[in-house]
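Peer 1: What follows is a structure written as structure tokens; I'll ask about it next.
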Amino acid sequence: MNVFSAQSHRTQLILTALSASLLTSGLFTAYNAYSRRERRRNLNEDILRSIADQDKSSKRHLRPNDDEPLDEQLLRIGADGYDEELIKEQLARFVGCGGVGSWAAVMLVRSGVSKIRLVDFDYVTLSSLNRHATAVLADVATPKVGCIERTLKQISPWVEVDSRAEIWRKEDGGRLLEGADWVIDAIDNITTKIDLLKYCHQHDIKVFSSMGAGAKADPTRIQISDISYTMYDPLARSVRRRLRLQGVSSGIPVVYSTEVPGDVKLLPLPEEEFQKGNVKELGIYDDFRVRILPVLGPLPSLFGLNIATYILCEMAGKPILNPLPIKNRKKLYERLLRDLLHRESKFVGQPINKLPIDEDDVALIFEDLHLGRSVVPPHAVPVHPALLRWDPAKPLTPENCVVFESTEAEKHVRECLAPRTEEAHPRKNPRDVWGDEVQAVVERRAGDVAKYRTWVGL
């Protein structure tokens, strides 16, 4: 009996322990499940609250001390001790709000500039959509300044945008440029561009000008420099010469491309437009073009980004100097032109003060026609390049000027350009000296010059 009672007691203890263990395990499981549900509920509430806070904050201005994006950018360019308020308070005036101006405006606002005036009389067209920074299909037939303003305010609710669907004219130029710290010139019309640049230069207004992005395709040729250092851009060349005639020779930074356009023509107009009469009468203004050059979409954006970067660095006190490749190549062109002048003087038998070609022509001949290579096969890159008249019977022009290695140049002078006094060594025809293959190359490149002259209207 006692044995049975003892076994029963042990059984009760075991059952009690098992029950307690099961109860404890159940309590822990229930507690963990409850904790997970609570954490999930709290997480959902936090997410919803965060979304609501973000929605509210997007409708408010950023706090004055919320400058993290600007801080990051300026630290990247090493602008220690910059004045944040100076960056934000800069007044930028954009004259021309197409493919170049729109991209520059967007990036300056993203970079912290908060006061902008947009000036452009033009409207968005279907052709604008391949290059404009903010225009969409629904913006066609609306002012360009309007769609830029809309996007800028979506990017930065605090930005102050003053949109003017007007044309800038020198007669009332001060009204649209009043208070400007920087003027961005992205005008297509050369007459208005010259007037604007001269006005800014005379009134000590800092201005950055964009040259032609149309009919260009090589992004590696894009450069920033002073207008006086531009190498071979037809618009830059014309602007530089006209400004010089008006007393402005330097002091205007520009973005331009050294690429020489190929066989490019103006975009065609429908035949019915010609049947209406003089196509020039179709323009909004008498001195603005109706037909335009074809534009590769990314190129204007690259021009605009160059402008925005340059101006931002200037605002931060870290200005960008003239790129070294421009300076180095300029010295090369000066040497090539000087040596050519010396050889031409010996060729005609008397001193020459000035050649009919200049440094721009030298750049065209050396870089774009001959690609920095000798005209003689295998067209190697010359260690000591030289420019020479090709055919002694023709005048010195870009079509009749070629690149040689120095040893080849000596042979060409000896065989083809011997002074007239040396009757024992009559001048030979270049074809007889160098062969039909080289002659064909010279003629082909002369044809390229003819196409270029047609394109720029020379």
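The values are calculated or read from the model by the stated rules, or taken from the named source; none is laboratory data. These numbers were taken from a predicted model, which means no experiment stands behind them. Here Cβ is always computed from backbone atoms with ideal geometry, including for glycine, and neighbour counts include all displayed protein chains. Heavy atoms of the whole protein, side chains included, go into the accessibility calculation; ligands, DNA and RNA do not. Shrake-Rupley method; radii C 1.70, N 1.55, O 1.52, S 1.80 Å.
Peer 1: Can you name every one of the helices (runs of 4 or more DSSP H) wholly within the range 60-152 that holds 1 or more residues which are modelled with pLDDT of 90 or more and among the polar types (S, T, N, Q)?
Peer 2: Those helices (runs of 4 or more DSSP H) span 99-110.
Peer 1: Against the conditions (1) in a helix (DSSP H, G or I); (2) at pLDDT below 90, where does residue 427 fall short? Just the number, please.
Peer 2: The failed condition is (1).
Peer 1: Looking at (1) open to solvent by 50 Å² or more (accessible area, probe 1.4 Å); (2) farther than 22 Å from residue 306 by Cβ; (3) assigned to a helix (DSSP H, G or I), find the lone condition where residue 158 falls short.
Peer 2: With respect to (1) open to solvent by 50 Å² or more (accessible area, probe 1.4 Å); (2) farther than 22 Å from residue 306 by Cβ; (3) assigned to a helix (DSSP H, G or I), residue 158 is out only on (3).
Peer 1: Regarding residue 127, is this residue out of contact with any Pro (no Cβ under 8 Å at 6 or more places or on another chain), open to solvent by 10 Å² or more (accessible area, probe 1.4 Å), over 24 Å from residue 251 (Cβ atoms) and small (Gly, Ala, Ser)?
Peer 2: yes
Peer 1: Tally up the residues in the range 337-372 that are small (Gly, Ala, Ser) and farther than 17 Å from residue 398 by Cα, please.
Peer 2: Qualifying residue count, the range 337-372: 2.
Peer 1: Out of the range 138-150, which residues are β-branched (Val, Ile, Thr) and crowded, with 18+ Cβ neighbours inside 10 Å?
Peer 2: 145, 148
Peer 1: What pairs come up if the first residue lies in the range 330-350 and is on the phi > 0 side of the Ramachandran plot, the second is of a type in the set (Val, Ile, Thr) and open to solvent by 70 Å² or more (accessible area, probe 1.4 Å), and their beta carbons are under 9 Å apart, counting only those six or more places apart or on different chains?
Peer 2: 349/421
Every residue, every condition in (1) surrounded by fewer than 16 Cβ atoms within 10 Å (Cβ to Cβ); (2) assigned to a loop (DSSP other than H, G, I, E, B); (3) at pLDDT below 90, yes or no:
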site	(1), (2), (3)
338	yes, no, no
343	no, no, no
350	yes, yes, yes
361	no, no, yes
364	no, no, yes
374	no, yes, no
377	yes, yes, no
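Peer 1: Is it the case, given these coordinates, that residue 135 is closer than 20 Å to residue 300 by Cα, under 25 Å from the mean Cα position of the chain (by Cα) and surrounded by 20 or more Cβ atoms within 10 Å (Cβ to Cβ)?
Peer 2: For residue 135, the condition - closer than 20 Å to residue 300 by Cα, under 25 Å from the mean Cα position of the chain (by Cα) and surrounded by 20 or more Cβ atoms within 10 Å (Cβ to Cβ) - is met.
Peer 1: Are there any pairs, at least 6 apart or on different chains, whose C-beta atoms fall under 6 Å, with the first in the range 211-237 and under 20 Å from residue 398 (Cβ atoms) and the second among the β-branched types (Val, Ile, Thr), and if so, which?
Peer 2: Within 6 Å, the pairs are 215/264; 221/258; 231/258; 232/258; 234/456; 236/230.
Peer 1: Would you point out which residue out of 437, 415 is acidic (Asp, Glu), touching a His at 6+ places or on another chain (Cβ under 9 Å) and modelled with pLDDT of 75 or more?
Peer 2: 415
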